[in-house]
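Peer 1: Structure provided below as structure tokens; questions to follow.
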Amino acid sequence: MAVDPTQDVVTVPTDVLVQRLPDDESVFLNLATEQYYGLDATGTAMWAALTETGSVAAAMERLTGEFDVDRDVLARDLHAIVERLVGQGLIELGAEATDAP
């Protein structure tokens, strides 16, 4: 699944519980599937950027300032984790709400 740039808004489903651990890692529980997941420190930084900024584009900009890595490599890695998180039901992507006439 490719990340659709028109579906940029990131939300966390209400049935997903997240616990940040002291070592900068995270543990997730998807209550709908009863599955546990974990992210290392880098994955947790990406998760935080996605959920705190609310969009893939804004997360990319934030992470560009945090990591000393080629922008293309970062974009590839960020899109890969977005695909995995969406696939596991840990985030949802949607379009930004527009004011309809």
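Peer 1: Which one of THR42, VAL27, VAL73 is farthest out on the positive end of the charge dipole of the chain, using unit charges on Cβ (Lys, Arg +1; Asp, Glu -1) and the Cα centre as origin?
Peer 2: VAL27
Peer 1: Here's something else I'd like to know. State the label only: which of (i) 1.03; (ii) 1.00; (iii) 0.98 corresponds to Rg/Rh (Cα atoms, Kirkwood Rh) computed from the shown model?
Peer 2: Identified label for the calculated read-out: (iii).
Peer 1: If contacts are Cα pairs under 8 angstrom and at least 6 residues apart, what is the relative contact order of the stretch 14-101 in percent? Walk me through the intermediate numbers first.
Peer 2: On the way: 76 pairs, mean separation 15.3, N = 88.
Relative contact order of the stretch 14-101: 17 percent.
Peer 1: Right, another one. FRET efficiency for ASP23 and THR64, Cβ-Cβ distance as r, R0 = 41 Å, nearest 0.05?
Peer 2: Working: r = 24 Å, r/R0 = 0.59.
That pair, ASP23 with THR64, gives E of 0.95.
Peer 1: Follow-up question, since we're still on this one. Take the chain, connect every pair of alpha-carbon atoms lying under 10 Å apart with a spring to form a Gaussian network, then pick out the residue of GLY38, GLY65, GLY89 with the largest mean-square fluctuation.
Peer 2: Looking only at GLY38, GLY65, GLY89, the biggest GNM fluctuation is shown by GLY65.
Peer 1: Among the complete DSSP H segments of the chain, which ones combine at least 20 Å of alpha-carbon extent along their axis with a mean Kyte-Doolittle hydropathy of 0.0 or more?
Peer 2: Working: long enough: 71-87 (24 Å, 0.26).
Qualifying helices, which must be both long enough and hydrophobic enough, are 71-87.
Peer 1: What FRET efficiency do you get for ALA75 and THR53 if R0 is 22 Å and r is their Cβ-Cβ distance, rounded to the nearest 0.05? Write down the numbers at each step before the final one.
Peer 2: Working: r = 15 Å, r/R0 = 0.68.
The computed FRET efficiency comes out at 0.90.
Peer 1: Along the Cα-to-C-beta direction of ASP40, a point sits 7 Å from the Cα; which residues of the stretch 68-92 have their amide N less than 18 Å from that point?
Peer 2: 68-70, 73-85
Rule-based calculations on the coordinates, nothing more; no lab input. As the structure is a prediction and not an experimental result, all values here were calculated from the model. When we count neighbours, we look across all protein chains shown, and the Cβ atoms used for this are built from the backbone with ideal geometry, even at glycine.
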